[in-house]
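What follows is a set of notes on a single structure, which appears directly below.
The values are calculated or read from the model by the stated rules, or taken from the named source; none is laboratory data. Since we're looking at a predicted model, the values are computed, not measured. Cβ placement follows ideal geometry from the backbone for every residue including glycine, while neighbour counts extend to all protein chains displayed.
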Amino acid sequence: MDFLLSEDQKSLRNKAREFAINEVLPVARKYDESEEFPLPVIKKAWEEGLLNLGIPTEYGGPGYGLLSSCIVVEEISSACPGIATSIFDNNLGAEPIVIGGNEEQKQRILTELVNEFKLIAFATSEPTMGSDVAGMKCFADKDGDEYILNGNKFWITNGGYADYITVFATVDPEKKHKGIAAFIVDTQTEGVKLGKHIPKLGQRSSNTVSIGLKDVRIPKENVLAKPGRGFVLAMQTFAHTRPAIGAFAVGCARSAMEYSIDYAQKRETFGRPIGNYQVIQEKIANMYKDIEAARLLTYKAAWEADQGMDNNLSSSVAKAFASDVAMNVTTEAVQIFGGYGYLRTYPVEKLFRDAKLYQIYEGTSEIQRIVISRFAMKRYEHAMPSLGKKRD
Ligand SMILES: Cc1cc2nc3c(=O)[nH]c(=O)nc-3n(C[C@H](O)[C@H](O)[C@H](O)COP(=O)(O)OP(=O)(O)OC[C@H]3O[C@@H](n4cnc5c(N)ncnc54)[C@H](O)[C@@H]3O)c2cc1C
């Protein structure tokens, strides 16, 4: 077992940190206030090779493993969780093609994403469903080798600016997960309507919209997964992207901790810096140990994916744990700042709002716990002998 980052990973972290501090941090508050989409920052990330992290080298991408991608997103998220979500969304949108696309689709779409500044979003969620992916209603009607899509997608990150969207739809809602297929949708196709930005509590610089699909004809070459394969593809995609949510959460929490340490050393009450009081030191210690644990779980989930192992369980553990850590740490950070923590004057107020999303998107914390408890109660192998027969 080796806990050390390679030299390549260290220099990648330095590059991402430099980008975060020079390009993201100075505009984070501005985009949060205006709720504008940070297109120039995202374009700059593409120019720096930080946008399509997971695209394999065969298609011109950097071919970073998931662990390296997590190192990058922790840095960007530490400067602005909302901008990090928008930057990483190309990974989420492209991942179904990386995992399930045929060679022609990979050559065509993945290569284009690397060579041109193009955005690709991901859409399973709908106005009436998010957690229950198998319950989607967006309808895919087979017409020869083609499909016609009708329905609405909701909460689609970067959707308002996307060139492509990987859309999941069903050929028969009654069939639940067995009816779900996946498609590459070019947003210029007739019948695609990109909605207006939906205002949010936090991560306000990430663009979130609804997508209307009305008689959208999908050519044969853009069918990504046939009916019955789409649900599995969505789950495989989440297993590869949930560790990155863990890394976002770690970056967000890390900044909240750093600002808290800084403030605790400067703010004085009763003639002493508040950092001198044990109750504040305990908060800082809890932040530090929880962030460390969240990062290790995140790295483990990413490492398993990089080894080609099934990381479904570890990605749920990492996402659930790190999301809670981000929420707890940012809440305590606001507390350490006292009244100033509640004002927009200091950055912890924004991080507190931004952190909440980690417990919701890409599978809520409750859904992650369903995955974990299902494993713990059904498949986990006990070391201790059984208690024996049930007694009345
Ligand atoms: C800012 C933002 C960006 C997003 N980006 C995208 C995107 O790019 N693409 C995309 O497809 N989706 C996206 N989503 C959607 C997101 O994945 C869903 O919001 C999320 O999965 C939860 O679904 P829901 O909102 O429908 O909540 P629901 O599924 O209605 O759940 C409501 C509550 O009930 C709980 N719950 C549900 N089922 C159970 C159960 N069986 N047991 C216990 N508790 C349960 C949930 O945990 C939650 O607390 C985004 C959402 C947000 C807010």
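Residues that are within 12 Å of the ligand (Cβ to nearest atom) and touching a Ser or Thr at 6+ places or on another chain (Cβ under 6 Å) within the range 349-361 comprise Tyr358, Gln359, listed in sequence order.
Note on the range 122-131: among residues that are near the ligand (Cβ under 6 Å from one of its atoms) and under 18 Å from the mean Cα position of the chain (by Cα), the one that is surrounded by the most Cβ atoms within 10 Å (Cβ to Cβ) is Phe122.
Name the residue, out of Ser125, Ser131, Ser205, that is outside the structural domain of Glu103 (by TED's automatic domain parsing) and farther than 23 Å from Thr237 by Cβ.
Matching residue, one of Ser125, Ser131, Ser205: Ser205.
Residues that are within 28 Å of Asp89 (Cβ to Cβ) and surrounded by fewer than 12 Cβ atoms within 10 Å (Cβ to Cβ) within the range 346-392 comprise just one, Glu366. In the range 184-222, of all residues being among the hydroxyl-bearing types (Ser, Thr, Tyr) and within 13 Å of the ligand (Cβ to nearest atom), the one that is surrounded by the fewest Cβ atoms within 10 Å (Cβ to Cβ) corresponds to Ser210. Taking the range 55-91 as the range and being within 16 Å of the ligand (Cβ to nearest atom) and either assigned by TED's automatic domain parsing to the domain that holds Ser255 or in a loop (DSSP other than H, G, I, E, B) (or both) as the test, only Cys80 passes. If the requirement is being in contact with a His (Cβ under 7 Å, 6 or more places away or on another chain) and away from the ligand (no atom under 11 Å from the Cβ), which of these qualifies: Ala140, Ala134, Ala181, Ala225? Answer to the check: Ala134.
When Glu146 is tested against the conditions (1) touching a strand residue (DSSP E or B) at 6+ places or on another chain (Cβ under 9 Å); (2) within 13 Å of the ligand (Cβ to nearest atom); (3) farther than 24 Å from Phe88 by Cβ, the lone failure is (2).
When the residues of the range 254-268 are filtered to those that are more than 24 Å from the chain's Cα centre (by Cα) and basic (Lys, Arg), the one that is surrounded by the most Cβ atoms within 10 Å (Cβ to Cβ) is Arg267. Looking at Tyr346, is it more than 16 Å from the ligand (Cβ to nearest atom), farther than 22 Å from Leu233 by Cα and not in a helix (DSSP H, G or I)? Against the criterion (more than 16 Å from the ligand (Cβ to nearest atom), farther than 22 Å from Leu233 by Cα and not in a helix (DSSP H, G or I)), Tyr346 qualifies.
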